[in-house]
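The values are calculated or read from the model by the stated rules, or taken from the named source; none is laboratory data. Nothing here was measured: the structure is a model prediction, and the numbers come from that model. A quick note on method: Cβ atoms are made from the backbone with ideal geometry, for glycine too, and the neighbour counts reach across all protein chains shown.
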Amino acid sequence: MHPVVDSAGSLVSQSIPATLGTRVPLVSGPDAEYANLDHAASAPCLRAVRDAVDEFLPWYASVHRGAGFASQVSTKVYERTRDVLRRFVDARRTDSVIFTRNTTDALNLLARSVPRHTSVVLFDTEHHAALLPWRGPNVRRVRTPRTRLAAVSAVDSALAATPEGPRLVVLTGASNVTGELLPVAEIAAVARKHGARIALDAAQLAPHRPISVRDLDVDYVVLSGHKLYAPFGAGALIGRADWLRAAPPYLAGGGATKAVTSEGVAWNSGPERHEAGSPNTVGVYALGVACDQLAEHWGAVLAHETELLTRLRKGLEAVPGLTQLRLFDDPGDEVGTLSFTVDGFEPGWLAAVLSAEYGIGVRDGAFCAHIATKRLTGGAQAVRVSVGLGSTAEHVDRLVLALRQIVARGARWTYGKVDGRWAPSPDPREVPAFLRG
């Protein structure tokens with residue numbers, strides 16, 4: 001396997017996304033290579049993942065209870081992937097690996113598994129997947145301060161004010177709005193002082209940085225395949241088994257049961273306790289392959305992202321009226337995600353023009369982190385740009401040039417609202433052939 005990027009920063013191996021080089025239509029015709037600057041929403045599929053799935057599909061069958069050879073192969077694939085994920089996040093040998101649909105699913109599972117009267121502390125700028133599952137009088141939403149040091153102190157104070165009993169800190173590893181990393185290890189140390197556990201939302205961190213559960217001293221990690229270049233509908237909750245083993249099954253159904261009689265049900269105690277129904281074996285396998293690919297090439301992945309992010313930030317600084325959003329005033333590490341506003345231009349309109357006239361994919365809105373985005377914009381929305389293995393230097397340069405042109409002379413096409421969103425009017429672009437008819 002070749003490195004993901006060579007010394008010059010160009011993508012060279014089968015580890016690059018299968019969509020790189022995809023061409024999209026422009027309103028002015030004919031087309032352009034798609035500039036994928038929306039990795040934070042969903043990352044494209046790696047070629048290695050696609051190829052591995054194609055190789056596995058002939059062997060796909062039911063898992064755990066099938067006597068057929070294909071079923072035995074599928075069961076091995078499914079169970080071995082638990083070990084892949086343990087290695088990927090450097091988890092403890094005794095940690096459970098429970099497969100879910102995505103990060104949202106995993107955090108909802110954890111929220112249903114914590115002991116009664118657990119005090120939960122989290123920042124109010126979390127992604128909705130981490131913010132919304134926690135309800136009730138024992139949940140303390142802490143206003144995110146302007147420095148990382150103050151963030152550590154805020155968690156310390158919040159935990160000190162909680163009643164005796166189980167405590168849990170829910171923390172994002174990297175902001176999906178600004179890309180800034182939070183001081184996870186420092187907050188974990190404070191949490192330990194108060195006897196609290198820590199759940200790390202790694203949806204935006206895992207595709208960009210190696211994670212060590214043991215070095216960070218966290219108890220749970222959640223992540224999504226569709227952020228990790230494996231868009232086949234699988235995610236995972238990885239962490240301490242005791243709360244999960246004692247909790248009622250997340251779903252009631254086959255696979256979660258040890259025995260069912262007319263008198264009642266005996267539930268499994270392992271990870272399968274929370275995995276009722278036929279699992280997404282293909283998605284699980286894809287997730288494992290993607291994790292192995294990233295783990296094998298972290299150095300190259302980080303070099304590629306650092307180059308693009310530096311180029312992006314420098315280019316955006318030269319766009320008149322553009323303001324980049326930040327949670328913290330103090331400098332710190334950040335992944336390849338940033339959001340901005342441009343004076344006088346609505347974010348949704350900007351995103352539509354970038355797509356229709358330049359073939360650039362970005363995200364606009366509040367990014368399922370409404371409190372964070374609206375606080376940073378003064379109540380408005382923003383444009384988000386996120387780079388990854390499906391992004392190139394040309395994509396970044398095209399975005400910067402497009403923004404400069406739009407600010408200077410406006411759009412070259414007419415636009416209107418369609419179902420509440422900006423779109424070209426008229427829109428002559430044809431959808432791909434498989435969607436016609």
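Cβ-Cβ distance below 7 Å, separation of 6 or more or different chains: which pairs start in the stretch 302-313 with a residue that is not assigned by TED's automatic domain parsing to the domain that holds THR337 and of a type in the set (A, V, I, L, M, F, W, C) and end on one that is part of a helix (DSSP H, G or I) and buried (at least 22 other Cβ atoms within 10 Å of the Cβ)? Close Cβ pairs (under 7 Å, with a partner that is part of a helix (DSSP H, G or I) and buried (at least 22 other Cβ atoms within 10 Å of the Cβ)) do not exist here. Checked across the stretch 35-48, the condition of being more than 26 Å from ALA369 (Cα to Cα) and part of a loop (DSSP other than H, G, I, E, B) holds for no residue.
Restricting GLY288, GLY321 to those that are touching a strand residue (DSSP E or B) at 6+ places or on another chain (Cβ under 8 Å) and either surrounded by 20 or more Cβ atoms within 10 Å (Cβ to Cβ) or touching a residue at least 24 places away in the same chain (Cβ under 8 Å) (or both) reduces the list to GLY321.
Mind counting the residues in the stretch 371-407 that are in a loop (DSSP other than H, G, I, E, B) and more than 21 Å from the chain's Cα centre (by Cα)? Before the answer, list the steps.
Here is the first cut: in the stretch 371-407, the residues in a loop (DSSP other than H, G, I, E, B) are 378-381, 387-392.
Restricting the remaining residues to those that are more than 21 Å from the chain's Cα centre (by Cα) gives 378-380.
Final tally of qualifying residues: 3.
Scanning the stretch 391-437 for residues that are touching a residue at least 40 places away in the same chain (Cβ under 8 Å) and surrounded by 12 or more Cβ atoms within 10 Å (Cβ to Cβ) yields a count of 25.
With respect to ASP201, determine if the residue is among the charged types (D, E, K, R) and under 25 Å from the mean Cα position of the chain (by Cα). For ASP201, the condition - among the charged types (D, E, K, R) and under 25 Å from the mean Cα position of the chain (by Cα) - is met. In the stretch 345-362, is there at least one residue being surrounded by fewer than 21 Cβ atoms within 10 Å (Cβ to Cβ) and without any contact (Cβ under 8 Å) to a residue 60 or more places away in the chain? The answer is no, given that none of the residues of the stretch 345-362 is surrounded by fewer than 21 Cβ atoms within 10 Å (Cβ to Cβ) and without any contact (Cβ under 8 Å) to a residue 60 or more places away in the chain.
Here is a yes/no grid of residues against (1) farther than 15 Å from ALA295 by Cβ; (2) touching a Ser or Thr at 6+ places or on another chain (Cβ under 7 Å); (3) crowded, with 20+ Cβ neighbours inside 10 Å; (4) modelled with pLDDT of 95 or more:
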site	(1), (2), (3), (4)
ALA67	yes, no, no, no
ALA70	yes, no, no, yes
SER74	yes, yes, yes, yes
TYR78	yes, yes, yes, yes
LEU85	no, no, yes, yes
ALA91	no, no, yes, yes
VAL97	yes, no, yes, yes
THR100	yes, no, yes, yes
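HIS127 meets each of the listed conditions (1) closer than 24 Å to ASN176 by Cα; (2) touching a helix residue (DSSP H, G or I) at 6+ places or on another chain (Cβ under 7 Å) apart from (2).
Of all the numbered requirements in (1) part of a helix (DSSP H, G or I); (2) under 24 Å from the mean Cα position of the chain (by Cα); (3) in the same structural domain as PHE99 (by TED's automatic domain parsing), PRO279 misses one, and that requirement is (1). Against the test of being surrounded by 15 or more Cβ atoms within 10 Å (Cβ to Cβ), small (Gly, Ala, Ser) and under 22 Å from ALA174 (Cα atoms), the options ALA158, ALA150 yield a single qualifying residue, ALA158. Restricting attention to the stretch 329-345, the residues that are out of contact with any His (no Cβ under 8 Å at 6 or more places or on another chain), under 25 Å from ALA43 (Cβ atoms) and not in a strand (DSSP E or B) total 2.
Residue-wise test of (1) assigned to a strand (DSSP E or B); (2) touching a helix residue (DSSP H, G or I) at 6+ places or on another chain (Cβ under 8 Å); (3) closer than 30 Å to PRO248 by Cβ; (4) not basic (Lys, Arg).
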residue	(1), (2), (3), (4)
ARG273	no, yes, yes, no
ALA286	no, yes, yes, yes
ALA290	no, yes, no, yes
ALA300	no, no, no, yes
THR306	no, no, no, yes
LYS314	no, no, no, no
VAL319	no, yes, no, yes
ALA351	no, no, no, yes
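Can you find even one residue in the stretch 410-432 that is out of contact with any helix residue (DSSP H, G or I) (no Cβ under 7 Å at 6 or more places or on another chain) and assigned to a helix (DSSP H, G or I)? Taking every residue of the stretch 410-432 in turn, none turns out to be out of contact with any helix residue (DSSP H, G or I) (no Cβ under 7 Å at 6 or more places or on another chain) and assigned to a helix (DSSP H, G or I).
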